[in-house]
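Quick notes on the structure that follows.
The values are calculated or read from the model by the stated rules, or taken from the named source; none is laboratory data. As the structure is a prediction and not an experimental result, all values here were calculated from the model. All Cβ positions, even for glycine, are placed from backbone atoms using ideal geometry, and neighbour counts span all protein chains on display. All accessible areas refer to the heavy atoms of the entire protein, side chains included, with ligands and DNA or RNA removed. Shrake-Rupley method; radii C 1.70, N 1.55, O 1.52, S 1.80 Å.
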Amino acid sequence: MNEEFATNCAIAVRERLYADASSEGNVARDYACTFLGLVSTGSSTVLFQIGDGGIVVDTGEGLTLAVEPMSGEYANQTYFVTDMDALDHLSVKVLPAGVKYAAAFTDGIQRLALNLEVGEPHAPFFTPFFGTLDKLSMDKVPDLDGPLREFLGSEAVNERTDDDKTLVLVAAKQ
């Protein structure tokens, strides 16, 4: 897995969005979205991103912000996979290890999950999530949907963000 793999993924997603827009009589801009991806094997990981939001991983060496969240020239501006120049904004990081934990999130989570001043993950945000995933058997993971939705919709979270809030969590099970 390498940069070419990430580029091909972005192209495939972009082409699908353009095709869906066309088949529905819409324009691609109607399907504008940021794009975050992670593919990990036991020995390597490729992470890729267009736009804001972020991916935090732990390969056993501690939390790492895979790619700095991107913003455009102005506040609240970013890049989208549907933009004509989307591939010019594709950031790719290849790690020589598989991930133990990963979290991908939209820009509404950034201020909670990251210390943006230093470009690092805010460990206290992730520790409870990853600790919970460690304790659960795979058949219990769907039970986390309700509590996660409740957390993301809570007053404490809503006081700190007014943007979209999506969070995807991954734990590699041995």
I want to check the label-to-label distance for K140 and A123. Put each point 7 Å from Cα in the C-beta direction and report it in nm to one decimal. 2.5 nm
Express the carbon and sulfur contribution to the solvent-accessible surface of region 54-174 as a percent, rounded to the nearest whole number, probe 1.4 angstrom. 51 percent
For region 29-169, what is the accessible area per residue in Å² when the probe is 1.4 Å? 55 Å²
Working note, the chain: Cα radius of gyration (Å, one decimal) and Dmax (Å, whole number) are 16.6, 48
Give a residue-ordered list of calculated ³J(HN,Hα) values for region 116-130 (Karplus: 6.51 cos²θ - 1.76 cosθ + 1.60, θ = phi - 60°; whole Hz; x for Gly, Pro). 5, 5, 10, x, 10, x, 8, 3, x, 6, 8, 3, x, 5, 5
GNM on the chain, Cα springs under 10 Å; top mean-square fluctuation among G119, G98, G53 goes to G119
Given the Cα-Cα distance of R29 and A156 and 0.36 nm per residue of separation, how much length would full extension add, in nm? 42.4 nm
Given the whole protein assembly as supplied and a 1.4 Å probe, what does the accessible area of Y18 come to in Å², nearest 10? 70 Å²
